[in-house]
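Readers should treat all values here as calculations from the given coordinates under stated rules, not as data from a laboratory. Just so it is clear, the model here is predicted, and its values are computed rather than measured. Ideal geometry is used to build each Cβ from the backbone, glycine not excepted, and the neighbour counts take in all protein chains shown.
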Amino acid sequence: MMSYSAILPQLFDTLKPFTKPGFQLKEQTELVAELGLDSLQVMQVLLKIEDHFDISIPLNNLPNIRTVKDLGEEIEKLLKG
Amino acid sequence: MSLFDKFLPIQEARNELLKSGVNPFHVTVEKIISPTEAIINGRKTILVGTNNYLGLTFHPDSITAAQQALAQEGTGTTGSRMANGSFASHKALEKAIADFYGAPYAIVFSTGYQANLGVLSALAGPGDTILIDGDSHASIYDGCRLGGAEIIRFKHNNVVDLEKRLRRLGDRSYRTLIVVEGIYSMLGDRAPLAEIVEVKKKYGATLIVDEAHSLGVLGQHGRGLAEETGVEQDVDCIVGTFSKSLGSTGGFGISFHPEFELIRYTSRPYIFTASPCPSVVASTRATIRIIQTQPELRQHLWTNSRNLYEGLTKSGYILGAEVGPIIAAMVPNKELALTMWQQLLENGIYVNLMIPPATPNGECLLRCSVSAAHTHKQIEKIIAAFADMSHGTQTHISPAHVQPGATLN
């Protein structure tokens with residue numbers, strides 16, 4: 001089972017194309033506020049992440065995902081099943 | 001910081017709209033003349049944004065039935081069916097819609113919105129999963145939330161993505177409800193239902209089809225996409241509304257599963273609301289009879305739809321995916337969409353302005369809904385009004401945006 005520490009670098013790689021040049025992604029980076037993603041881009045990011053990790057992130061859980069860390073922990077939880 | 005501060009961004013957006021002299025989301029119909037004409041801003045206007053697909057809102061049979069019910073049964077029911085009891089006419093309406101679908105079980109709700117809330121929230125609760133199409137109507141999202149099931153969205157009309165998500169659920173796919181729409185309200189495209197049924201069977205899931213925009217429109221008898229596709233027996237439940245093709249208000253769910261009847265005892269949007277008023281029930285029963293006996297209405301609707309689609313395509317507009325009564329012209333940005341919408345209204349044509357976040361893929365749309373009651377002359381006028389704009393008068397669509405015959409997909 002993939003741990004949070006193994007998920008994080010893959011998550012950074014997946015998010016990288018959605019950041020502005022030179023932007024340094026951190027665990028505490030806020031996905032909407034700091035990356036400036038609109039609702040359409042958020043859905044694109046999620047689709048990419050879901051396919052990469054072969055998971056489906058329930059819409060019910062989205063309000064609790066604010067930072068990269070929140071997203072990483074959600075992926076870890078879903079991978080555990 | 002007060003509770004009301006959250007409305008400030010909405011106030012600013014509204015003020016921006018008002019600067020343009022119109023508010024497309026607060027139009028007043030000063031006088032309704034017929035299913036296809038009204039007075040708006042003191043001007044006689046052709047309505048092509050009403051979802052009045054079969055033009056039945058002024059049908060004499062329906063009006064007579066409503067008037068009789070009003071006189072005999074009164075103006076309202078003053079309460080819910082569970083508390084106050086059902087009127088015989090509520091049960092007769094349920095039998096009429098069940099018979100129309102050839103299904104043994106039907107439940108009527110006070111609105112189409114509540115039909116989705118009532119059926120979805122009752123069918124899938126905590127521990128269950130709902131897979132919804134990404135372009136689903138707000139009532140589907142709200143119904144899913146109300147039930148407390150886990151909600152997963154799949155890519156619009158993408159059966160590969162749907163199957164992928166069913167596979168990821170493992171054994172939980174047996175407790176999964178798939179929700180799709182017969183015709184999607186924004187672009188007018190249809191669910192690939194035959195393929196969805198195959199996937200549903202493979203994973204043992206349950207399938208519900210919302211035929212709100214396809215009832216009276218698709219299928220040999222007007223029962224919707226499931227009939228048109230020949231998969232009615234494989235669809236577990238159908239929900240729909242009386243407020244579009246049937247020219248009334250209210251909603252319904254039908255099913256072949258006997259347990260469906262028990263939803264009455266668990267569905268809060270059914271239990272805790274006033275039941276439909278007698279005149280509405282009577283007019284709906286009348287229009288259900290009309291759509292079964294007058295298939296020519298559907299033929300008119302399709303002739304009008306083909307003519308408008310062809311006319312707008314020839315004028316250079318990029319339209320929704322396929323010919324049908326919902327014809328959405330795509331416009332590159334919000335400002336242009338608003339200007340064009342306003343110009344159409346000034347020329348006596350009312351369409352729906354649809355902008356993000358209510359639209360798929362952030363599209364700006366001038367959405368037309370065609371009616372069987374539109375005359376050939378009215379359709380020509382609508383095409384001419386659109387064509388005026390595409391040829392660059394006050395507004396202009398640059399050649400980069402005009403790809404004749406192009407479709408969304």
(request) On a C-alpha basis, how far is the centre of the range B:6-51 from the centre of the range B:149-203 in Å? Whole number, if you could? (result) 36
(request) Please give the average number of partner chain Cβ atoms lying within 10 Å of the Cβ of each residue in B:114-120, rounded to a whole number. (result) 0
(request) Determine which lysines satisfy two conditions relative to B:Lys201: a Cα distance under 19 Å, and not lying fewer than 8 residues away in the same chain. (result) B:Lys164
(request) Go through B:Leu177, B:Ile271, B:Thr249 and say which Cα lies farthest out towards the positive end of the charge dipole of the range B:60-293; charges sit on Cβ, +1 for Lys and Arg, -1 for Asp and Glu. (result) B:Ile271
(message) Based only on other Cβ atoms within 10 Å, what is the fewest-to-most ordering of B:Asp128, B:Asp99, B:Asp210, B:Asp171?
(response) B:Asp171, B:Asp99, B:Asp128, B:Asp210
(request) Could you line up B:Cys144, B:Cys237 from fewest to most neighbouring Cβ atoms inside 10 Å? (result) B:Cys237, B:Cys144
(request) Lys and Arg at +1, Asp and Glu at -1: add these up for the other residues within a Cβ distance under 13 Å of B:Ala384 and post the number. (result) +1
(request) Would you compute, from DSSP H runs of 4+ residues alone, the mean residue ellipticity of chain B at 222 nm, taking -39500 (n - 2.57) per run and dividing by the full residue count, rounded to the nearest 500? (result) -12000 deg cm²/dmol
(message) Can you classify the range B:60-293 as rounded, prolate or oblate using the Cα gyration tensor, where a ≥ b ≥ c are the square roots of its eigenvalues, rounded means a/c under 1.5, and otherwise it's prolate if a/b beats b/c and oblate if not?
(response) prolate
(message) Taking each residue in A:52-61, count the Cβ atoms of any other chain within 10 Å of its Cβ, then average. What number comes out?
(response) 5
(message) Give me a comma-separated list of calculated 3J(HN,Hα) values for the range B:61-74, in order, Karplus coefficients 6.51, -1.76, 1.60 applied at θ = phi - 60°, integers in Hz, x for any Gly or Pro.
(response) 4, 5, 5, 4, 4, 5, 5, 5, 5, 4, 5, 8, 10, x
(message) Cross-link candidates for B:Lys31: which aspartates and glutamates have Cα within less than 19 Å, leaving aside residues fewer than 8 places away along the same chain?
(response) B:Glu346
(request) Cross-chain or 8 or more residues apart, Cα under 15 Å: how many lysine pairs in the range A:4-80 fit that? Count them up, please. (result) 5
(message) How would B:Leu262, B:Leu312 line up from fewest to most surrounding beta-carbon atoms within 10 angstrom?
(response) B:Leu262, B:Leu312
(message) Can you tell me how the protein assembly as shown classifies by the Cα gyration tensor, rounded, prolate or oblate, using a/c under 1.5 as the rounded cut?
(response) oblate
(request) Using a 10 Å cut-off on Cβ to Cβ distances, tally the other chain neighbours for every residue of B:144-152 and report the average as a whole number. (result) 3
